[in-house]
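No lab work stands behind these numbers, since they all come straight from the coordinates. Computed from a predicted model, the values in this text were never measured in an experiment. Methodologically, a virtual Cβ is constructed for each residue, glycine included, from the backbone with ideal geometry; neighbour enumeration extends over all protein chains shown.
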Amino acid sequence: MNENRRQILEMLAAGKITADEAERLLAALDPEPVSVGASSAGTGGGRGTGTKAIPKYLRVLVEADESMTGNKGLTTVNVRVPMQLLRAGVRLAALIPQQAHNQLDQALSSHGVPLTVSQIKPENLEELIDHLEDLTVDVDGKEGNQTKVRVFCE
Amino acid sequence: MTPNVAIVHVNYPHGPNFRLWLPLFLLWVPAIVLAPFILLGLLIACVISGVPFWRSVGAGWALVCSLPGTDVRVATEGNRVLVRIL
């Protein structure tokens, strides 16, 4: 691209073209850098602030102290789950028969999880996973409790 | 891609350590042999429960194919367990 501009400027300097013609030629070159910039925004330019790398895994880190587990020392759990597995799991959950939904919802709510399984539909799947990719949960115990929970995508 | 190998490491601070490489791809042989029976059983279960058969097969297959990359590590009191699916 710089080569083309240089050629135009050299032609202008050599008097082969007028200033107006050089301006038109340079203007004709302008859309190209814009398009290059637009395309690089999705690839290279997106590395900084625009698009982000698609997370492949959901990571759950748990560090529980003795007061939580009853075991000596720190208990750590480190789980890495592929995002594809979550997608497949939600697809599978969408196949749960309707008659089982109510029982499942009641069982979940009785355990303090106000989740309505029937609301999980395949058409909402991608949206659900996309929002999950932005999820970061940090839980720190307090008042002497050293338990930490981190959930994030990587 | 279907899971090919599962790695299981079990480390005890004062005991034997296990390092198992489970060749999951060998399960394909019995799975293929038993496939007609498995699919028939699944079909009956789907008919009884009113679940679409092919959608359930697709969802199950997607679940199996998405297992590689799963990594679970648990450590407590010096004991460590690692399960990794490749």
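Structural remarks
- Sum of side-chain charges, A:ASN78 neighbourhood, beta-carbon under 14 Å (Lys, Arg +1; Asp, Glu -1): +4
- Neighbouring partner chain Cβ atoms per residue of B:59-66, average, 10 Å criterion: 6
- Test item: A:62-71 mean partner chain Cβ contacts at 10 Å: 1
- Estimated FRET transfer efficiency when R0 is 41 angstrom, pair B:ILE44-A:VAL113 (beta carbons, to 0.05): 0.80
- Shielding of A:72-79 by partner chains, average beta-carbon count, 10 Å: 5
- The lysine pair count for the protein assembly as shown, using Cα distances under 24 Å and pairs eight or more places apart or on different chains, is 4.
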